[in-house]
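To start, the structure itself, in structure tokens.
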Amino acid sequence: MENLIALLVAAPLLGAAVLLCGGRRLDKTGHWLGTLLAAVSFGIGAVLFVDMLGRPADDRTMDQFLYSWIPVEGFQADVAFQLDQLSMTFVLLITGVGTLIHVYSIGYMEHDERRRRFFGYLNLFLAAMLLLVLADNYLLLYVGWEGVGLASYLLIGFWQHKPSAATAAKKAFLVNRVGDMGLSIAIMLMFTTFGTFAFGPVLGSVGRTSEGTLTAIGLMLLLAACGKSAQVPLQSWLGDAMEGPTPVSALIHAATMVTAGVYLIVRSGAIFNASPDAQLVVAIVGAVTLLFGAIVGCAKDDIKKALAGSTMSQIGYMVLAAGLGPIGYAFAIMHLVTHGFFKAGLFLGAGSVMHGMNDEVDMRKYGGLRKYMPVTFVTFGLGYLAIIGFPGLSGFWSKDKIIEAAFAKGGTEGWILGGVALLGAAITAYYMTRVMLLTFFGEKRWQPAPDPDTAPSVEPGIEVHPGDMPHPHESPRSMTIPMIVLAFGSVFAGGLFSLNESFVTWLEPVTSFEHGHPPIGAAAVTGATMVALVLGVALAYAQYGRRPVPVVAPRGSLLTRAARRDLFQDDFNHVVLVRGGEHLTRSLVYVDHSLVDGAVGGTAAAVGGLSGRLRKLQNGYARSYAVSMFGGAAVLVAATLLMRGV
Amino acid sequence: MSTTAVHGLWTVAAGPVDRIPAPHIEYAQLAPTLIVVGAAVLGVLVEAFVPRKARYHTQVFLAFAALASAFAAVVALAGAGYASGKAQVAAMGALAVDGPALFLQGTILLASVVAVFTFAERHLDPKAHGNRVDSFAAQAASVPGSDSEKAAVKAGFTTTEVFPLALFAVSGMLIFPAANDLLMLFIALEVFSLPLYLLCALARRQRLMSQEAAVKYFLLGAFSSAFLLFGIALLYGYAGSVSYAAIADVVDGTVARMDPALAASTGNDALLLIGGALVLMGLLFKVGAVPFHMWTPDVYQGAPTPVTGFMAAATKVAAFGALLRLLYVVLPGLRWDWRPVMWGVAIVTMLAGAVIAVTQTDVKRLLAYSSIAHAGFILAGVIATSKQGVSSVLFYLAAYSFVTIGAFAVVTLVRDAGGEATHLSKWAGLGRRSPLTAAVFAVFLLAFAGIPLTSGFSGKFAVFAAAAEGGAAPLVVVGVISSAIAAFFYIRVIVLMFFSEPKADGPTVAVPSFLTTSTIAVGVVVTVALGVFPQYFLDLAGQASTFVR
């Protein structure tokens, strides 16, 4: 059975290879092949899942050793897989949502002449992501980590003819580099500390290692997680990443890849458990990002960017939970899965709306769409209810548990973290209600299509003439069915997971679990959450439901303006990093010119001069050569004798 | 005088004399050498009896067949275990048949095969009076510029003697690294040196320069032979024997019996040290180590380029083989004496070779100095005095010979009206006109510079690693510094070829026959193969790194 694990990765990898190398011949059929292989991978995942369920809880881990990648004495890097409950959860999420989004993309990318390539990249992403979660050591995980980064780069910049997309891809790539540096340093530290990268030995020998080292490793892992999961301070790329096609935003930048950081932290739980400092930093980063993303999400008029802010914020919840230790790991993953459903669904809904609205993304130019796109409205609406934590829906079960666990952390920290999480819930309710109202309710604020020359943001292949009014319509079956499936997940997954604490029990052998006890009681926390929810919804309704919405955004308060500019994240980066970097390079260039070049030039001149002099010894006369040989022999003999002291 | 006494005298005189014992020769184990010597002698007969028209083809075939079958014999011997378990000394202790000897003989034979291809190349020079000509003088005996030379050219003569000469040289080179006593060492040295002196004098163009090079080589070679011979005499005085094993026994103090006639001098360390140093000097001359290197640039430049390539590769392999055997078999007990001295030689050699090369303007002289620097790198491996040191040197020699022959083969292709255009300024912009040729040359230059994925890197890494483990870390530092200096002039040639404007009256690249093409191709393939998959060959060299004593 464990021999199937490699096939999980192999199927989409094969798809990527065939689609990317196959050429135009596959233009007509390529998307079917890509979707089929994603489904095959899901099928294998399901078989493995059933098999795993059939075994006792403490014997569910499967290992598959493929080959020794870099066999050097004292340095063993193996290509080996480990499938346990945590990996299994991810496998099902990745392949399940992945397959749905492949199906969705068939319709969404129908008019794109590079559709084959798009599916090739999607398959590449699946393979890399599966490698990431199946690796049994940190080095192989790093391969997958870089692989998803590459796929993300390629897909964000998929419409590379748009300068904004190309820039966004580059930005994502560069910011992720910073995080990747953290991961590579963490791996190096592990190797010098433990002498291996494999999860088992590394996490098993944590007890024999000094806390300082573990804190260093933990913080480097956190840096890596910040980069991949768009957490403060490496959050700036996620909003721009929405330049990519919407299915990409749904799959990579909402449901799966951006949660890799959470996976990394939960997987490395033993390290963080042994280093409370690092763990606290994780929780703080999560809490800060949770508010940061939520505030940004409130101010954005671009539907995808509002959702991106929301993603950042929700991952902040997961990181916060992961920073709480054993009382939070399982809930981090549970929220990750439920979020995977409802956020992917919301993004697909947004894509469906854009599809019907000539690729307009400004929500101020939507309005009243519920009548024209009923399926999208219902599925989006269910996703909306799930994310704000409407009682009974998925988000309610997972988010409420995280807030409880945050309070249960205890002490002042517990109160602060819990308060932030509660405030986040209110803001979530506010901005999601805003999105809902702006898009599906209120007056029609539709605008004629912009002139493509002045606004070159239109996706290729779609015939839009300047001045055409949009004709919103329901999207084709291939797009609505995945949305419906995801909506089911948004509604029922959380409840299913919470039934008898089934999800927690399932993960417990891997992540360990402790019941957290909030100081004010679980019921009180739930009550407070409900209050926050109602407040958020009410505020949004007061602002956007009862008053007409202006098509052009008003100037807004200072906070709104700051949030529109992503709380000055880019300005900050520009002033501190870009300017700082420029100054640093300039001074380095100066040093290079004056000192290094001087030294190099001087050395070169010295060598050249010496060479020119020595060359004259070679005068062409055999007699002087013979003298030099004689002298050399004399020196040789004398030196030999001298060594002995004869 | 009594009758019995007279009778006694008579009977002593008439009695059976001590006969010179007939040496026992292991013909099978010596087959590689014997095949080549035999073919060389046959080659002389060919010159005497085969009609002039058929000589070229006969000689080329003979040389190729001899070298190939000798190589096959080496492989067979190695396969039969003589490189490891069954290693032995043959021919009454005169020759060793062991791993290093067979590895180096195999290398020399393979290098010679590709070198002989360049000897046989006849498509580069324009036809002279309707006859295809090679790189060698029409008639060696005719005075340059004389009427007899013109007549010889007109008659279409070619010096097909180069093939037997090369075979004689190869036979000497095969014996040199296998020689297990000092006399054999000396004889082998002369056997391969004398044909080389002749070959150097045989250039078709610029004959005066070629003859000058030959005379210089001969004079200096004879001079160094004298030192070597004197050193041999002193060592004999020290040990009472010329056999490596016997000398080593005396050095170690485990000598079994002492010749009473030599008792006065035996064990005199002054004799040992001076004698050892002088023998070393003779070998250092052949490998081109500083300060015995001065012949190298002049001879490399003057000799016909195919000969230069052959000499630079095969001589170096043979001489380093002999040096290794001398230091590892005869003088290991003395290593605390010779190691510091060799340190000095290696350092001076690496630095001087690299530094002087920086200002060279002739590509052949440039490669000559480069070969001096490489001799220094190899010496660093020799000094390691470990099994790893031996294997790294063996690997380096194999890698280096193919790069060298390939590089000189490329030099033969770049020509203008005066023959080969060896001045560097003429190579400007070669990459634009003949990208393939320039690219191939760039590969060789990168290998010389020791850039990864070429054999040069693997070799350099191996010798430096061995030297560092052998406690010669400062030597490695110097080695890396001089590699950096050397990289400058290698890369400069690449820059010149690819990033300079071609000159209007620049040279053309001749289209060679399959002979030179295959030489260059083999060079490139070996260079890349040893760079990308060095492990198999390193293992091979590692298995072959034990000397028999």
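What's the Kirkwood radius of segment B:438-532 in Å, using all Cα pairs?
15.1
Over segment A:96-149, what per residue volume does the convex hull of the Cα atoms give, in whole Å³?
So the per-residue Cα hull volume is 63 Å³.
How large is the direction-averaged shadow of the alpha-carbon convex hull of segment A:30-72, in nm²?
5.1
If segment B:337-401 were replaced by its equivalent ellipsoid, with semi-axes equal to the square roots of 5 times the Cα gyration tensor eigenvalues, what would those be, largest first, whole Å?
Numbers: eigenvalues 112, 46, 6 Å².
Computed over segment B:337-401, the values are 24, 15, 5 Å.
Roughly how much accessible area, to the nearest 100 Å², goes out of reach of solvent when B and A pair up, both sides summed, probe 1.4 Å?
So the buried area, both faces added, is about 2700 Å².
Mind listing, in residue-number order, the residues in segment A:620-637 that have at least 40 Å² less accessible area with every protein chain present than in their own chain alone (1.4 Å probe)?
When all protein chains are present, A:622, A:625, A:628, A:629, A:633, A:636, A:637 each give up 40 Å² or more of accessible surface.
Put one equal scatterer on each alpha carbon of segment B:383-485, apply the Debye formula with no solvent term, and list log10 I(q)/I(0) at q = 0.15, 0.17, 0.20 1/Å to two decimals.
Result of the Debye calculation: -0.70, -0.81, -0.98.
Angle, helix A:394-408 long axis vs. longest principal axis of chain A, Cα atoms, 0 to 90°, nearest 10?
For A:394-408 against chain A, the angle is about 60 degrees.
Could you work out Rg/(2.2 N^0.38 Å) for segment B:302-376, with Rg from alpha carbons only?
Cα-based Rg divided by the globular estimate yields 1.30.
Please report, largest first and rounded to whole Å, the three semi-axes of the ellipsoid equivalent to segment B:20-151, where each semi-axis is the square root of five times an eigenvalue of the C-alpha gyration tensor.
Result for segment B:20-151: semi-axes of 38, 17, 12 Å.
Work out how far the C-alpha atoms of chain A reach from end to end along every principal axis, then list the three figures in whole Å, largest first.
107, 61, 53
Given a 1.4 Å probe and every protein chain left where it sits, what share in percent of the accessible area of chain B is carbon and sulfur?
Details: 14120 of 20040 Å².
On chain B, the fraction of accessible area on carbon and sulfur atoms equals 70 percent.
List the equivalent ellipsoid semi-axes of segment B:508-548 in whole Å, largest first, each obtained as the square root of 5λ for an eigenvalue λ of the Cα gyration tensor.
32, 12, 6
Return the Cα extents of segment A:1-75 along principal axes one, two and three, sorted largest first, each rounded to a whole Å.
Computed over segment A:1-75, the largest-to-smallest principal extents equal 48, 40, 12 Å.
Please report the orientation-averaged projected area of segment A:484-543, defined via the convex hull of its C-alpha atoms, in nm².
It is 6.5 nm².
What full-extension length gain, to one decimal in nm, is calculated for residue B:500 and residue B:473 as 0.36 nm per residue of separation minus the Cα-Cα distance?
Once the chain is fully extended between residue B:500 and residue B:473, it gains 5.8 nm.
Quick check: net charge around residue A:120, other residues with Cβ under 15 Å of its Cβ, Lys/Arg +1 and Asp/Glu -1?
+4
In 10 Å bins starting at 0, how do the alpha-carbon pair distances of the protein assembly as shown split up by percent?
Pair shares across the bins are 2, 9, 15, 15, 12, 11, 11, 11, 8, 5, 2, 1, 0, 0, 0, 0.
With axes computed from alpha carbons, what is the tilt in degrees of helix B:455-469 against the longest principal axis of chain B, rounded to the nearest 10 within 0 to 90?
Long axis of B:455-469 versus the principal axis of chain B: about 40 degrees.
Computed FRET efficiency, Cβ-Cβ of residue B:254 and residue B:226, R0 35 Å: what is it to the nearest 0.05?
Efficiency for this residue pair is about 0.65.
Name the trypsin sites (Lys or Arg not before Pro) in segment A:251-314 that are in a loop by DSSP and that have at most 16 other C-beta atoms within 10 Å, would you?
none
Working from the pairwise distances between different alpha carbons, so that the mean of 1/r is found and then inverted, what is segment B:456-504's Kirkwood radius in Å?
So the Kirkwood estimate lands at 12.6 Å.
Per-residue ellipticity at 222 nm for chain A, helices alone: DSSP H runs ≥ 4 residues times -39500 (n - 2.57), over residue total, nearest 500 deg cm²/dmol?
After summing the helix terms and dividing by the residues of chain A, the value is -22500 deg cm²/dmol.
Determine, at each q value in 0.17, 0.23 (inverse angstroms), the log₁₀ of I(q)/I(0) that the Debye formula gives when each Cα of segment A:132-203 is one equal point scatterer.
-0.67, -0.94
Pulled fully out, how much extra length does the chain show between residue A:627 and residue A:4, if you take 0.36 nm times their separation in residues and subtract their Cα-Cα distance?
216.6 nm
Near residue B:476, within a Cβ-to-Cβ distance under 11 Å, what is the net charge of the other residues, with Lys and Arg +1 and Asp and Glu -1? Don't skip to the end; give the middle numbers.
Numbers: positive: B:460; negative: B:469.
Once all neighbours under 11 Å are counted, the net charge is 0.
So what are the three principal axis dimensions of segment A:47-90 from its Cα atoms, in whole Å, longest to shortest?
39, 18, 15
Which trypsin sites (Lys or Arg not before Pro) does segment B:75-158 hold that lie in a coil by DSSP with at most 12 other beta carbons within 10 Å?
Passing both the DSSP loop test and the Cβ count: B:127.
Could you give each residue of segment B:476-485 its phi-based ³J(HN,Hα) in whole Hz, using Karplus coefficients 6.51, -1.76, 1.60 with θ = phi - 60°, and x for Gly or Pro?
Here the 3J(HN,Hα) series is 5, 4, 4, x, 5, 4, 6, 4, 5, 4 Hz.
Using only the alpha-carbon atoms of segment A:338-435 as identical scatterers, what base-10 log of I(q)/I(0) does the Debye formula give at q = 0.16, 0.18, 0.20 Å⁻¹?
The Cα Debye sum returns log10 ratios of -0.72, -0.84, -0.96.
Quick check: the angle from helix A:85-108's long axis to the longest principal axis of chain A, C-alpha only, nearest 10 degrees?
Helix A:85-108 sits roughly 70 degrees off the main axis of chain A.
Tell me, what does the Kirkwood hydrodynamic radius of segment A:34-182 come to in angstroms if you use every pair of distinct C-alpha atoms?
Values: mean 1/r = 0.0589 Å⁻¹.
About 17.0 Å for segment A:34-182.
Given labels modelled 7 Å from the Cα in the Cβ direction, how far is it in nm from residue A:617 to residue B:528?
For residue A:617 paired with residue B:528, the spin-label model returns 4.0 nm.
Calculate the tail of P(r) for segment A:516-646: the fraction of all Cα-Cα distances greater than 23 Å, expressed in %.
The proportion of pairs with Cα distances above 23 Å equals 76 percent.
Could you give me D for segment A:291-345, from Stokes-Einstein at 20 °C and 1.002 mPa s, where the hydrodynamic radius is the Kirkwood radius over C-alpha pairs? Units µm² s⁻¹, please.
Rounded, D is 187 µm²/s.
Quick one: divide the alpha-carbon radius of gyration of segment B:257-416 by 2.2 N^0.38 Å and tell me what you get.
Taking N as the residue count of segment B:257-416, the ratio is 1.17.
In bins 20 Å wide, starting from 0, what share of all Cα pairs of chain B does each bin hold, as a percent?
Final binned percentages: 22, 54, 20, 4, 1, 0.
For a distance above 15 Å, tell me the whole-number percent of Cα pairs in segment A:374-421 that qualify.
Summing the P(r) tail past 15 Å for segment A:374-421 gives 52 percent.
Report, in cubic angstrom per residue, the convex hull volume of the C-alpha atoms of segment B:195-255. Please list the in-between numbers first.
Numbers: hull volume 4.8 nm³, N = 61.
Roughly 79 Å³ of hull volume per residue.
The values are calculated or read from the model by the stated rules, or taken from the named source; none is laboratory data. Since this is a predicted model, take the numbers as computed values, not measurements. A quick note on method: Cβ atoms are made from the backbone with ideal geometry, for glycine too, and the neighbour counts reach across all protein chains shown. Side chains are part of the model used for accessible areas, which takes the heavy atoms of the whole protein and leaves out ligands, DNA and RNA. Shrake-Rupley method; radii C 1.70, N 1.55, O 1.52, S 1.80 Å.
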